Amino acid sequence: MKILDFGSLNLDHVYSVDNFVRPGETISSLKMEDFCGGKGLNQSIALARAGAEVYHAGCIGKDGQVLADRLKEAGVNTKFVKVLDCPTGHAIIQINAKGQNCIILYGGANQEITEDFAKEVIDQFSKGDLILLQNEINNLPFIMNYAYEKGLQIALNPSPLNDKLLACPLDKVAYFIMNEIEGSEIVGGEEDPDKVIEKMKEKFPNAKVVLTLGKDGAKYFDGEKVYFHGIYDVKRVDSTAAGDTFTGYFLACIGEGLSPEVALEKASKASSLAVHIKGASNSIPTRAEVDTTDIKLDPRFL
Ligand code: RIB
């Protein structure tokens, strides 16, 4: 099974601050660093580092070559990364002393995906291959409908969640990988994760769903089974790309034929390792690190 990640590529400008800037306030940052990011790029790198055969499709400007190079270095096939005559997408990220983040996106080339380009790329894949999508590119409904018609399985990380995402043909999604806030919005505002699970089952009976619950771990469920996995006990330095790492690892393990239970374990461990390091794509661990690093589950889950 080939995996196509049709997604964003961003230049991440990361500002370390004690506390997030508040309305009307001006603050000085402690440090500014640039990283390669974008949910699409991060998830492609996580897939590749987990061992999957992954193709990335998306658009950058002439100022974004570093992003295509980073994908290539990680083992991602970049023949569907197109260079356009417009600025590359970027993100302005604040990281506070607790390792939490706030992100502002500028779409740039990520919002210039044409239907013709999407068709040209998707036509290179066949029934049974998997397409992974997030919500940082334009033309998502077209991409979803066309990929579905061609028999591709659709995996969706519905992030960032907004009305445009909710208007997509979500009934065509085979795998949802999302956090509790996104889950709650998709089912219409339910906050209790168990109730979100029940409502997702009613609304999308054919989908397999992973709900990540932050420090409370992650749950997988399909029509029949529910599995849970806790987080690991690591120092939280920067949560940027932790969700992307989780998504890439989970899907790579499923593609490899591992059970959802094992995929959940590997994805949880990989994202805990990512939280331990500053930055986005650079914080994603290799498969060898995930398989051999000896970290313990958070004591709450022992
Ligand atoms: O999920 C983290 C990513 O979100 C960052 O790399 C940033 O570019 C935004 O897309």
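All of the numbers you see were taken from the coordinates with simple rules; none came from a lab. Predicted model only: the values in this text are computed from it and were never measured. Cβ placement follows ideal geometry from the backbone for every residue including glycine, while neighbour counts extend to all protein chains displayed.
Listed values, structure above:
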{"read-out": "For the chain, built as a Gaussian network whose Cα springs stay under 10 Å, the top-fluctuating residue of GLU256, GLU149, GLU190", "value": "GLU149"}
{"read-out": "Packing-based exposure ordering (other Cβ within 10 Å, fewest first) of TYR220, TYR227", "value": "TYR227, TYR220"}
{"read-out": "Vicinal HN-Hα couplings computed from phi for the stretch 67-83 (Karplus, 6.51 cos²θ - 1.76 cosθ + 1.60; Hz; Gly/Pro x)", "value": "6, 5, 5, 5, 4, 4, 4, 7, x, 8, 6, 10, 5, 9, 8, 9, 9"}
{"read-out": "Normalised alpha carbon radius of gyration of the stretch 135-196 [divisor 2.2 N^0.38 Å]", "value": "1.13"}
{"read-out": "Measure of compaction for the stretch 21-145 (Cα Rg per 2.2 N^0.38 Å)", "value": "1.18"}
{"read-out": "Cα-centre dipole for the stretch 28-146 with unit charges at Cβ (Lys and Arg positive, Asp and Glu negative), debye to 20", "value": "380"}
{"read-out": "Exposure proxy order (Cβ contacts within 10 Å, fewest to most) of TYR175, TYR15", "value": "TYR15, TYR175"}
{"read-out": "Of ILE277, ILE137, ILE27, the one that fluctuates the most in a GNM where the chain has Cα springs shorter than 10 Å", "value": "ILE27"}
{"read-out": "In sequence order, calculated HN-Hα J values of the stretch 221-228 (Karplus, 6.51, -1.76, 1.60; Hz; x Gly/Pro)", "value": "8, 10, x, 10, 9, 10, 10, 10"}
{"read-out": "Net charge over other residues, Cβ less than 12 angstrom from the Cβ of CYS86 (K, R count +1; D, E count -1)", "value": "-1"}
{"read-out": "Given charges at beta-carbon only (K, R positive; D, E negative), |dipole| of the chain in Debye", "value": "380"}
{"read-out": "Prolate/oblate/rounded label for the chain (Cα gyration tensor, a/c 1.5)", "value": "rounded"}
{"read-out": "Estimated FRET transfer efficiency (ASP294, GLU261; beta-carbon r; R0 25 Å; 0.05)", "value": "0.80"}
{"read-out": "Length-normalised contact order of the chain in % [C-alpha pairs under 8 Å, at least 6 apart]", "value": "18"}
{"read-out": "Anisotropy class of the stretch 83-127 from Cα gyration tensor, a/c 1.5 cut", "value": "oblate"}
{"read-out": "Net charge contributed by nearby residues that have their C-beta within less than 10 Å of ALA252 (K/R +1, D/E -1)", "value": "+1"}
{"read-out": "Listed residue (ALA48, ALA288, MET32) projecting farthest to the positive dipole end of the chain, Cβ model", "value": "ALA288"}
{"read-out": "Highest to lowest packing among 200-207, 167-174, scored as the average C-beta count within 10 Å", "value": "167-174, 200-207"}
{"read-out": "Computed [θ] at 222 nm, deg cm²/dmol, the chain (DSSP H ≥ 4; -39,500 (n - 2.57); rounded to nearest 500)", "value": "-9500 deg cm²/dmol"}
{"read-out": "P(r) of the stretch 172-302 over all Cα-Cα pairs, binned every 10 Å from zero, in whole percent", "value": "13, 45, 33, 9, 0"}
{"read-out": "In sequence order, calculated HN-Hα J values of the stretch 273-284 (Karplus, 6.51, -1.76, 1.60; Hz; x Gly/Pro)", "value": "5, 5, 5, 6, 10, 6, x, 9, 4, 5, 8, 7"}
{"read-out": "Pairwise Lys count, the stretch 54-112 - Cα closer than 30 Å, eight or more residues apart or different chains", "value": "4"}
{"read-out": "Net charge contributed by nearby residues that have their C-beta within less than 12 Å of PHE117 (K/R +1, D/E -1)", "value": "-3"}
{"read-out": "Highest to lowest packing among 257-266, 288-297, scored as the average C-beta count within 10 Å", "value": "257-266, 288-297"}
{"read-out": "Highest average packing first - 243-255, 98-110, Cβ atoms within 10 Å", "value": "243-255, 98-110"}
{"read-out": "Fraction of beta bridges assigned by DSSP in the chain that are antiparallel (%, nearest 5)", "value": "40"}
